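Participant: First the structure, which I've put down as structure tokens, then a few questions once you've had a look.
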Amino acid sequence: MKKLKRSARLVEMTQYLLARPHTLISLTAFAERYQSAKSSISEDLAIIKEVFEDEGVGDLNTLAGAAGGVRFVPRCRKDQALEKIVAVCRELEQPDRLLPGGYLYMTDLLGQPGLMQEVGRMFASAFADRQIDVIMTVETKGIPLAFATAQFLNLPVVIVRRDHKVTEGSAVSINYVSGSAKRIQTMSLARRALREESRVLIIDDFMKAGGTVQGMVDLLHEFRAVVAGVGVFVESGEVDNEERLLHDYISLARLTEVDLKTRHITVQPGNFF
């Protein structure tokens, strides 16, 4: 890279950090990349750190020592996140979104890249301080959420399938009981998709009683993996506490009331707030 003026270097450094979240970058690497002294790089990073923190973009953590450097950790301001989720709640309250069984139509929201990016940042902020190796979700509607979260945590994604695909080689399959419908269903994961003893963050789009998430937890036991956290976009608040199969999770929105006759829906911010 050619030597840049300081103003251009600040812009390029900012973009470089934003594109590499949770990645330790040494001062030496920056100095060589921009053909500048480490003292100048340190001054630039101090400016970027201040802006990131003031604007709620994230933290720029410094690690001292020969193997040290800086690491960008994306964050979201709770007030800004709450404002966005309140708008999502109002959208989900539209009567025509109500589906049989008390479910909500959310596919259109899950297909909005801008919204998914903001939701992914919220999940990444919520789980930023946990040790995680991989993000897991189940096909299909959880996939956009998982990849959006993975972008900000800089982690790979593994996708659990309802049916085993021959193109994925040998797989581990389990039966689980759907928490809401009480039906026995199947899910599988390719053996080579997940290393044993991995620390896994589970992300899903909707949780009623928690049967699907609990199924993924049980599947992880077959890999001797550890559940590092569970995040759900929308949870149902109409399930009794005794019926809920999962209690340790973070939700962004909560479906609190559904009247099938009047088609009245109430959605509130989840326990993340």
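Participant: Near ALA190, within a Cβ-to-Cβ distance under 14 Å, what is the net charge of the other residues, with Lys and Arg +1 and Asp and Glu -1?
Facilitator: Numbers: positive: ARG161, ARG162, LYS165, ARG191, ARG192, ARG195; negative: GLU139, ASP163, GLU168, GLU196, GLU222.
Within the 14 Å Cβ shell, the charges total +1.
Participant: Can you tell me, using C-alpha contacts under 8 Å and at least 6 residues apart, the relative contact order of segment 46-172 as a whole percent?
Facilitator: Details: 133 pairs, mean separation 23.0, N = 127.
Relative CO of segment 46-172 lands at 18 percent.
Participant: Moving on to the next point. Go through [x] 1.15; [y] 1.26; [z] 1.00 and flag the label whose value is the computed Cα Rg over 2.2 N^0.38 Å for this structure.
Facilitator: Entry [x].
Participant: To continue, here is another question. Considering only protein heavy atoms, what per residue accessible area in square angstrom results for the chain with a 1.4 angstrom probe?
Facilitator: Numbers: 13740 Å² over 273 residues.
Accessible area per residue, the chain: 50 Å².
Participant: Could you report the accessible area of THR23 in Å², rounded to 10, computed with a 1.4 Å probe on the protein chains as they sit in the structure?
Facilitator: 40
Participant: First measure r as the distance between the Cβ atoms of ALA87 and ARG130, then evaluate 1/(1 + (r/R0)^6) with R0 = 22 Å and state the FRET efficiency to the nearest 0.05.
Facilitator: Values: r = 28 Å, r/R0 = 1.26.
So, using R0 = 22 Å, E works out to roughly 0.20.
Participant: Keeping all protein chains in the complex and leaving out DNA, RNA and ligands, what accessible area do you get for LEU99 with a 1.4 Å probe, in Å² to the nearest 10?
Facilitator: The value for LEU99 is about 70 Å².
Participant: Along the Cα→Cβ direction, 7 angstrom out, place labels at ALA67 and ASP54. What is the inter-label distance in nm?
Facilitator: Here the answer is 3.5 nm between the modelled labels.
Participant: Counting alpha carbon pairs within less than 8 Å and at least 6 residues apart, what relative contact order, in whole percent, applies to the chain? Could you put the intermediate results ahead of the total?
Facilitator: Working: 496 pairs, mean separation 39.4, N = 273.
For the chain, the relative contact order is 14 percent.
Participant: Got a sec? What order do ASP259, ASP205 fall in by accessible area at 1.4 Å, biggest, i.e. largest, first? Before the final figure, lay out the partial values.
Facilitator: Numbers: ASP259 55, ASP205 15 Å².
In descending accessible area the options line up as ASP259, ASP205.
Participant: Compare SER26, SER170, SER178 by solvent-accessible area with a 1.4 Å probe and give them largest first, with all protein chains kept in place. Numbers along the way, then the final one.
Facilitator: Details: SER26 40, SER170 70, SER178 15 Å².
Output order, biggest surface exposure first: SER170, SER26, SER178.
Participant: Over 29 Å between Cα atoms, which of LYS165/LYS208; LYS182/LYS261; LYS2/LYS84; LYS38/LYS84; LYS2/LYS78 qualify? Write out the running numbers ahead of the final one.
Facilitator: Numbers: LYS165/LYS208 27 Å; LYS182/LYS261 24 Å; LYS2/LYS84 40 Å; LYS38/LYS84 39 Å; LYS2/LYS78 39 Å.
From the list (LYS165/LYS208; LYS182/LYS261; LYS2/LYS84; LYS38/LYS84; LYS2/LYS78), the Cα-Cα distance tops 29 Å for LYS2/LYS84; LYS38/LYS84; LYS2/LYS78.
Participant: Right, next: In a shell of Cβ-Cβ distance under 15 Å around VAL51, excluding VAL51 itself, what net charge do Lys and Arg (+1) and Asp and Glu (-1) give? Present the calculation step by step, with values, prior to reporting the outcome.
Facilitator: Details: positive: ARG6, ARG9, LYS49, ARG75, ARG77; negative: GLU12, GLU43, ASP44, GLU50, GLU53, ASP54, GLU55, ASP59.
Counting the neighbours of VAL51, the net charge comes to -3.
Participant: Using a 1.4 angstrom probe and counting only protein chains, how large is the accessible area of GLU118 in Å², to 10?
Facilitator: It works out to around 80 Å².
Participant: How far is the Cα center of segment 189-245 from the Cα center of segment 67-113, in Å?
Facilitator: Each part's Cα centre sits 19 Å from the other's.
Participant: Accessible area of the chain with a 1.4 Å probe: how many percent of it is carbon plus sulfur? Intermediate values should be presented prior to the final figure.
Facilitator: Working: 6720 of 13740 Å².
On the chain, the fraction of accessible area on carbon and sulfur atoms equals 49 percent.
Participant: Related question: Net charge near LEU24, counting Lys/Arg +1 and Asp/Glu -1 over other residues with Cβ under 14 Å of its Cβ? Please list the in-between numbers first.
Facilitator: Values: positive: ARG20, ARG71; negative: ASP59.
So the environment of LEU24 carries a net charge of +1.
Participant: Quick check: residue separation of HIS264 and ARG183 times 0.36 nm, minus the Cα distance between them. What number comes out in nm? The partial results should precede the final answer.
Facilitator: Details: separation 81, 0.36 × 81 = 29.16 nm, distance 2.74 nm.
Working it through step by step, the gained length comes to 26.4 nm.
The values are calculated or read from the model by the stated rules, or taken from the named source; none is laboratory data. Because the structure is a prediction, the values reported are computed rather than measured. Ideal geometry is used to build each Cβ from the backbone, glycine not excepted, and the neighbour counts take in all protein chains shown. Only protein heavy atoms, including side chains, enter the accessible area calculation; ligands, DNA and RNA are left aside. Shrake-Rupley method; radii C 1.70, N 1.55, O 1.52, S 1.80 Å.
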